[in-house]
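Each remark here refers to the structure printed beneath this line.
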Amino acid sequence: MVQTTCPYCGVGCGITAEVNQHTVTIKGDKTHPANFGRLCSKGAALADTLDLNDRLLYPELHHQRVSWETALTKVANEFKRIIREHGANAIAFYVSGQLLTEDYYVANKLMKGFLGTANIDTNSRLCMASSVAGHKRAFGSDTVSGCYEDLELADLVVLVGSNLAWCHPVLYQRLAAAKEQRPRLKIVVIDPRYTATSDIADLHLPIRSGTDVWLFNGLLNFLRTHDHLDYEFLEAHTHGAGAALKSARESAATIPQIAQLCGLTEMDVAEFYRLFAKTDKTVTVYSQGVNQSSAGTDKVNSIINCHLATGRIGKPGATPFSVTGQPNAMGGREVGALANQLVAHLDFKPEHLALVQQFWQSPVIAQQPGLKAVELYDAIVAGQIKAIWIMATNPVVSLPHADKVKQALGMCELVVVSDCVRYTDTTEFAHVLLPALAWGEKEGTVTNSERRISRQRAFLPVPGDAKPDWWIITEVARRLGFAETAFAYQSSADIFREYAALSGEQNKGTRDFDISGLANLSDADYQRLSPVQWPLKSPTEVGTTRLFSDYQFFTADNKAHLIAIMPRAPVHLPNRDYPFILNTGRTRDQWHTMTRTGKSARLLSHTSESYVEIHPQDAGLLRIQVGDLVTVSSELGQVVVRVKISDHQQPGNVFIPMHWNGQNSSQARVGALIPPVTDPISGQPEFKHTPVKVERYQPA
Ligand code: SF4
C-alpha cells in the first residue's frame, strides 16, 4: 500500500493506493490531515483513469516516433538557434499546476536563471493570480494565513464565489460535518448562482455578477458606522485604514444603495452585515468567482480589508482564506512559476536577484517580470515569441480567446508539448511531443490550499519511454550547455533539498516561505516525509498551522495594509446583441479539460455532455426546452450545447461548464467565447462575465 496525494483539486487529499495484479484500489488516507480518509467522487474514481489508452508513451517529432536523444537534441538546438537569432525573450514556457513542485522548480530555474528570461507562466494564472496579488498587497507576501480547521472552528463561514461542494468537495464535507455538529455555525454563500454549496447556507446572496467590491466596501462602511472596528488592532498592526474607509464610504454608503447595486434585497444585505459584525470567529473563503475577474485583485483586498478592520486574522476560526483550484497551484506560487515572481517568494529586486544568482551559480538571471499567460500567446501572434514549451496543460481549451491560442500555436516556429496524454487540442499543434510520467508513476511533492506539503509517490511501473518532467527539463538544460552541476539531479529528492535550502537562504528570518528545515533530508526521509505545513525550520516539526498570530506581516513596516478600493464594473457589459452574462465553472465530477476524468464512465454518468443552464423565464422567451440544442455566441466565437433549465440561474445569466474540449465535443470549447480581458494587476482573465446571445441551433 502506497500513501500518495490526489492529483485533482487544491484540497490535496491523502490517498492510499494498493496494486493487486491488474487492479488498483484507491481509498482515502485516514491519516492525512486534509481529508482524514474522505474522498470525493473524482478521487474515488481515480482507478478508472489509470489505463494506458490515449497515453503519450514515446517521444515524437512531427508526430513520428523518435528516440529521446533525437527529440531532446532537436529542442535544445532549436532553442539555441532562436536565442541566437532573436534573444532569450523569444522563448516561452507555459507550465501547469498539475506539475509537481520539483518539476516546477527546475523549469523555473532553467528559464529565469540560465536562459535569462522570465517568460514562464503557469495555468494557475487562470485560477488564483488575483489572490496572490491581493495577498502581496495586504501582507507583503503571498501568504494564506489560515488552515482547513479554521472553517470547522468558525462561528461564521462566508463563501464568496466558491462552489465548495463541487470544486473542493472534501473541504465542503468537513464544513457540512462541522455545521451538523455545531448548529450555531452559520454559513453565508455569496454567488450569482444557487449552487450545491447553497444547500447548507443559512443565507444565500445571489449577488449581481461583478459587484462584490460594492458589497464588501459596504460591509466595511457598515462596520465603521456601527462601531465594530477593532481600532486597537488597526492602530498597532495595520496601515492604510483611513484611505480604505474613505473609499468604502464613497463607493456606496447605505444598505439600500448597496442592495440596489448588487441586485440583492435590503433585508439580505442587512442580515449578512449583522452576522459578520457580531461574529468574531469568521472565516471568509474566496475562490474563482472572486479571482477570475478584471477587478479580481481589488475584490480580494475588499474582503481582506474587512478582516483586518475587525482584527480577524491569525486566530483559530478567524481568517480570510483563499482556496486554490489545482493540486499544486500553491507549489507553483512557491517556486516562482508565475512570470512576475522570481523563486521562493522572492521578487525582481536587485538584492533578491543577486542572492538567487549566487545560489544558482547561474550565468544570467532574468531582470524583470515576463509575459503573463494571455500575453504569452499574444506575443506569439505578434512575432515576438518564436518557441513555446507547454507542460501538462491544454491551453487550446482552457485559455480565453481559445481560437487565438490555436492561431498562435499554428504559426509558432517551435511548439514543444510534454504531457502524459497523446491526443489533446494542444498536442495537435506540437512539433515535438515529450512523454511525461502520469499520476501514480512519478515522485515529488505538492502543496495544498492550507500550505501543506505532501508527497506524491509512485505505485505503478513506468510505461513506454515516459520520463519525469524534471528529467526532461534537465536533459534539455544539459544539451543547452549549462553547467552539469546546476542540473545534476538524480532524483526528485535532490531537487527538493536544493529548493528547501534556497528557501532558507532567502529567508534569514524575515520572510514567510521557509522550508529550510527540510534541506538535509536523506533520500529515505524524503521518501517517508509526512504532510507538513510551511513555514518550518526543522525536520521534526509538522510546521505552522496558521500565520500572523503574532501580527507580524511581511511588509516593510511589518504591518498589514488595508487597500483603498473604488469598485468598477466588468469590462464587457451585456448589450442588445449579446444580452446574457455567461458564467463558467466546474461540474461536480469532471476535472479541467477531461483528459483523465473523461475516461471514467461513472464520472461521465453525472453529466455526460456540455450544457448551458438558463433561467425558466429566459428559456420561455427564447422558446427553448430542456434538451434542445442551442448556439451560444459571443463576439469571439460560438459553442453548441444542450439546454438545461433551472431557477438556480438568475434571469439574464447563463452558465456553461469549462471542461468540454474539441476532442470529445467539437463545438463545446467554452474558452472560444471568452474575451482576453484580464485584471490589470494580476493578469487573471475575466471568465465570469462574458456577454453572449443564445439562439436555437440551426444545422448548416
Ligand atoms: Fe481529490 Fe479534491 Fe476530491 Fe480531495 S476533494 S479527493 S483533492 S478532487
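Every number here is computed from the coordinates shown, using simple stated rules; none is lab data. Since this is a predicted model, take the numbers as computed values, not measurements. Glycine gets a Cβ as well: all are built from the backbone with ideal geometry, and neighbour counts include every protein chain shown.
What are the pairs, 6+ residues apart or on separate chains, where a residue within the range 614-631 that is without any contact (Cβ under 8 Å) to a residue 60 or more places away in the chain and surrounded by 15 or more Cβ atoms within 10 Å (Cβ to Cβ) has its Cβ under 8 Å from a residue that is in a strand (DSSP E or B) and aliphatic (A, V, I, L, M)? Correct list of pairs: HIS615/ILE645; ALA619/VAL643; ALA619/ILE645.
Screening THR555 on (1) over 27 Å from ALA672 (Cβ atoms); (2) loosely packed, with under 15 Cβ neighbours inside 10 Å shows it passes everything except condition (2).
Selection of the range 1-44 for residues being touching a Phe, Trp or Tyr at 6+ places or on another chain (Cβ under 7 Å), hydrophobic (A, V, I, L, M, F, W, C) and near the ligand (Cβ under 10 Å from one of its atoms) yields only ALA34. Restricting attention to the range 316-340, the residues being in a loop (DSSP other than H, G, I, E, B), more than 16 Å from the ligand (Cβ to nearest atom) and surrounded by 24 or more Cβ atoms within 10 Å (Cβ to Cβ) number 4.
Residue pairs whose Cβ atoms lie under 8 Å apart, separated by 6 or more positions or on different chains, with the first residue in the range 459-487 and touching a residue at least 24 places away in the same chain (Cβ under 8 Å) and the second in a helix (DSSP H, G or I) and of a type in the set (S, T, N, Q), are PRO468/SER492; TRP470/SER492; ARG479/THR73; ARG479/ASN77; PHE487/THR474. Being in contact with a Leu (Cβ under 9 Å, 6 or more places away or on another chain) and either touching a residue at least 40 places away in the same chain (Cβ under 8 Å) or surrounded by fewer than 24 Cβ atoms within 10 Å (Cβ to Cβ) (or both) holds for only one residue in PRO680, PRO691, and it is PRO691. Each residue in the range 523-540 was checked for being under 13 Å from ALA500 (Cβ atoms) and in a loop (DSSP other than H, G, I, E, B), and 7 pass.
Any residue at all in the range 490-507 that is in contact with a Gly (Cβ under 7 Å, 6 or more places away or on another chain), small (Gly, Ala, Ser) and either closer than 24 Å to LYS109 by Cα or part of a loop (DSSP other than H, G, I, E, B) (or both)? There is at least one residue in the range 490-507 that is in contact with a Gly (Cβ under 7 Å, 6 or more places away or on another chain), small (Gly, Ala, Ser) and either closer than 24 Å to LYS109 by Cα or part of a loop (DSSP other than H, G, I, E, B) (or both).
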